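Written below as structure tokens is the structure these notes are about.
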Amino acid sequence: MRTPTTIETRILNELFIRAELAYDAKSLLVESMDDGRMGSLMIGINHSERSFGSACAEFELIDDDGKSVLFSLYLDKAGAPYELDAFKSDFSETILLQNNS
């Protein structure tokens with residue numbers, strides 16, 4: 001587990017604002033998911049013991065390669081941040097996350 005990078009923090013904080021949730025992304029622990037480096041994250045400890053509850057916010061950015069990336073925030077059943085999902089329709093690596101730009 002690690003703290004989010006600068007760009008991950010900015011994305012998570014934007015999602016928290018959109019979802020009207022009072023979290024500071026810098027205080028969270030995250031773990032990268034095996035998603036072909038698109039950028040999805042498991043959020044919080046004991047992730048495997050928690051379960052998906054709902055999607056609560058999303059937004060889209062244009063990656064450094066000109067392709068769209070959809071970021072979605074999922075909560076667990078208790079309403080705590082559970083996952084940040086990053087999705088590119090061609091399943092390629094999200095460059096802006098790798099460069100931390």
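Please treat every number below as a calculation from the coordinates, not as lab data. Given the structure is predicted, the values throughout are model-derived calculations rather than measurements. So basically every Cβ, Gly included, is an ideal-geometry build from the backbone, and we count neighbours across all protein chains shown.
Only Lys, Arg, Asp and Glu count, each charged at its Cβ (+1, +1, -1, -1), so figure out the dipole size of the chain about its Cα centre, rounded to 20 debye.
Its charge dipole is roughly 260 debye.
If you take the C-alpha gyration tensor of the chain, multiply each eigenvalue by 5 and take the square root, what semi-axes do you get, largest first, in whole Å?
So the equivalent ellipsoid measures 21, 14, 13 Å along its semi-axes.
Extension gain Leu70-Asp90, at 0.36 nm per residue separation less the Cα-Cα distance, in nm?
6.0 nm
Would you calculate a helix-derived [θ] at 222 nm for the chain, using -39,500 (n - 2.57) for each DSSP H run of n ≥ 4 and dividing by the full residue count, to the nearest 500?
Using -39500 (n - 2.57) per qualifying helix, the result is -5000 deg cm²/dmol.
Of the peptides 35-44, 63-72, 76-85, 17-26, how do they stack up when ordered by the mean number of other Cβ atoms within 10 Å, highest first?
So the order, starting with the most tightly packed, is 35-44, 76-85, 63-72, 17-26.
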